[in-house]
1. Under a point-charge model restricted to the Cβ atoms of Lys and Arg (+1) and Asp and Glu (-1), what is the dipole moment magnitude of segment 2-58 relative to its Cα centre, in debye to the nearest 20?
2. Round to the nearest 0.05 the FRET efficiency obtained for residue 100 and residue 53 when R0 = 30 Å and r is the Cβ-Cβ distance.
3. Take each of the peptides 90-98, 50-58, 4-12, average the number of other beta-carbon atoms within 10 Å over its residues, and list them starting from the highest.
4. Points 7 angstrom from Cα along the Cβ direction at residue 31 and residue 18: gap in nanometres?
5. Treating only the Cβ of Lys, Arg, Asp and Glu as charged (+1, +1, -1, -1), what charge dipole size does the chain show about its Cα centre? Round to the nearest 20 debye.
6. Note the listed values (i) 1.12; (ii) 0.98; (iii) 1.23, then indicate which one is Cα Rg over 2.2 N^0.38 Å calculated from this particular structure.
Amino acid sequence: MAIKKILLSCGTGVVTSTLANTRLSKMLDERGYKGLYTTTQYKIAELASKDGMFDVIVHTTTVPSFLTTPRVNALPLVTGIGMEKVADEVIAILWPNGPEA
């Protein structure tokens, strides 16, 4: 099975995307997806040049509407409210048939 590539993005590509990365990775690992994905962090300004290179973009701020890569709003990973929904959305995009499919 191919390793899925997750791009996490915030305004500067550092603080909030690091928090989102930590929280999302923990939830994915706990749900049985450990080792099935990689994460990379970029700032929003770099997203246009990365479009199509990742399986999903998980973002904490507004992203350009012209991007073709599936996107998930990760603001709940920063606020701590509704984090499970973000993990659910990422899993639905990356592994619609479960981790073994």
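What follows is calculated from the coordinates using simple rules that are stated; it is not laboratory data. Keep in mind that what you see is a predicted model, and the values were worked out from it rather than measured. Because the Cβ atoms are built from the backbone with ideal geometry, glycine has one as well, and the counts that use them run over all protein chains shown.
1. Numbers: 8 positive and 5 negative charges, 26 e Å.
Using only the charged Cβ atoms, the result is roughly 120 debye.
2. Values: r = 25 Å, r/R0 = 0.85.
With a Förster radius of 30 Å, E is 0.75.
3. Working: 90-98: 14.9, 50-58: 18.1, 4-12: 20.9.
Put in order of decreasing packing, that is 4-12, 50-58, 90-98.
4. Placing both labels 7 Å beyond Cα along the Cβ direction yields 2.5 nm.
5. Values: 10 positive and 9 negative charges, 35 e Å.
So the magnitude is around 160 debye.
6. Given (i) 1.12; (ii) 0.98; (iii) 1.23, the calculated one carries the label (ii).
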